[in-house]
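Each value in this text was obtained by applying a stated rule to the coordinates, not by laboratory testing. What you see is a predicted model, and the numbers here were worked out from it, not measured in a lab. Cβ coordinates were reconstructed from backbone atoms using ideal geometry, including for glycine residues, and neighbour counts include every protein chain displayed.
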Amino acid sequence: MSDPTNPHIKERTTPQWGLYQRENFWKPNDGKIAPFNTDPAKLEERAKERLSEGGWYYASSNAGMSTTHLANRQAFYRHRIIPNQLVDTNTRDTTTTIFNHKVSAPIGFAPIGINKIYHPAGESAVAKVAGELNLPYCLSTAGSTSIEDVGAANGEGSPRFYQLYMPHDDELTLSLMTRAWEAGFDALILTTDTWQLGWRHDDVAHSNYAFYRGFGADLGLSDPVFRKRCAEDGIDPDVDVVQASSKWIDSVWHGRAWSWEKIPWLMREWKRISGGRPFAIKGIQSVKDAKKCVELGVEGIVVSNHAGRQVDGAVASLDALEKIVEAVGDKIYVMFDSGVRGASDVVKALAIGAKFVFVGRLWIWGLSIMGEDGVRHVMKSLLADLDILMGVAGFNGVEDFEKSILESGPKSYNLIPEKRKL
Ligand SMILES: Cc1cc2nc3c(=O)[nH]c(=O)nc-3n(C[C@H](O)[C@H](O)[C@H](O)COP(=O)(O)O)c2cc1C
């Protein structure tokens, strides 16, 4: 829909995301790329130029030899979309529903820690854009802005969820959940694949851990229970910032595994605090674990391998999704992430059976390049990409993304050209 006078526009129920293409085409042709190229490989290149060495290593590092990251991308390349012709897509709708929120598209902001190492505007800028676009925002426990400030930036009524790294200190866990609920975060997502960061060569080699340098502990430093813990240890968090932020991150990525036995307690407490709002687990990759979630009454799972940053040599998240959907797709709300780089990837994941998709690195690169405007540009481009794809491939709504629209190659088939591995 590149003609803004198109009469169908009035009948459409979702914004004309596709018009963002026109807006960019009309920008002054002064030889500059305005605002910047959103091709994922170019985006990453540009972000690398803009970021500090530490910011770049933290954002780009994967576990081990990056083979899980590569597998994530290979899986997307193996599936191909079959476009339809002469379908009336003039009133297509990109919306979906997640945890009782009607949102603009089946796309959300994955939880990402320490945003201020990418841009001083940090989490607030990202949450603001998410609210504006009516896409769910997910705040990480490892965030570098307080829960309350992020809630305010995201805006009244905007869909937002809180991602918990669960400390081995129940009082602290309760405090974080209470603050999240009071600040308007109305679903809890527990990440279970990161008791400790995976072995990431670049970060280790460069001693790259912002928290041990006194940076990024804002959720802890603004927490009454954590401050009490600091006082018990003789640490003044306003003075001994390095010690306090090290203590904070060591209570979040503690290296001590939780097990299934703890989940009923966490669910019960979250339900008590929030009046029964949804609880989900992020990091599920096996059918066995997905079934366990169903058994325990968990409402949602995020099929995710943390962008390939935790277990090197693991299965592609998209391949895990396929099996998990087959086993429990009708019993639990299945979300997906890891490796999404464009609208076609969103469509493929939904066609395989996810109900919703989160993106991480895409918006990190936008934030790194141009702060709030950069995030907005990347996410509006992704929405336009989706809207246009639906228009030209004959899809009228997310319910049209089903298995029959995909053709899939053999698993052993590596179709990614060398320069596209990112
Ligand atoms: C730099 C970086 C930081 C991340 N921080 C967190 C985090 O704090 N909590 C979390 O649950 N997942 C975290 N993740 C994982 C994302 O939430 C998400 O699973 C992943 O980025 C999705 O893959 P994608 O980046 O390919 O879209 C992080 C990922 C990256 C790349």
- Residue-normalised 222 nm signal for the chain, counting each DSSP H run of n ≥ 4 as -39,500 (n - 2.57), nearest 500 deg cm²/dmol, is -13000 deg cm²/dmol
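Rounded, prolate or oblate, given the Cα gyration tensor of segment 34-77, with a/c below 1.5 counting as rounded?
Verdict is oblate for segment 34-77.
Can you check what the net charge comes to around Ser259, using other residues whose Cβ is under 13 Å from the Cβ of Ser259 (Lys, Arg +1; Asp, Glu -1)?
+1
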- Message: With a 10 Å cut-off between alpha carbons and a GNM built on the chain, which of Gln85, Gln74, Gln163 moves the most?
- Response: Gln85
- Task: For the chain, calculate the relative contact order in percent as a whole number, restricting contacts to Cα pairs under 8 Å that are 6 or more residues apart.
- Result: 26
- Give the shape of segment 195-354 as rounded, prolate or oblate, defined through the alpha-carbon gyration tensor: a ≥ b ≥ c are the square roots of its eigenvalues, a/c under 1.5 means rounded, and otherwise the shape is prolate if a/b is larger than b/c and oblate if not. oblate
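Which loop-located GluC sites (Glu not before Pro) does segment 6-94 contain, where loop means any DSSP state but H, G, I, E or B and the Cβ has at most 14 other Cβ atoms within 10 Å?
none
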- Item | Shape category assigned to segment 1-131 from the gyration tensor of Cα positions, a/c cut at 1.5 | prolate
- Task: Order by neighbour count: Asp149, Asp236, fewest other Cβ atoms within 10 Å first, most last.
- Result: Asp236, Asp149
- Query: Taking neighbour counts of Cβ atoms within 10 Å as a proxy for exposure, in what order, fewest first, do Leu139, Leu51 appear?
  - Reply: Leu51, Leu139
- Query: Fewest to most neighbouring Cβ within 10 Å: what's the order for His119, His168?
  - Reply: His168, His119
- Which of Lys292/Lys403; Lys262/Lys282; Lys128/Lys355; Lys323/Lys403 exceed 18 Å between C-alpha atoms? The answer is Lys292/Lys403; Lys128/Lys355
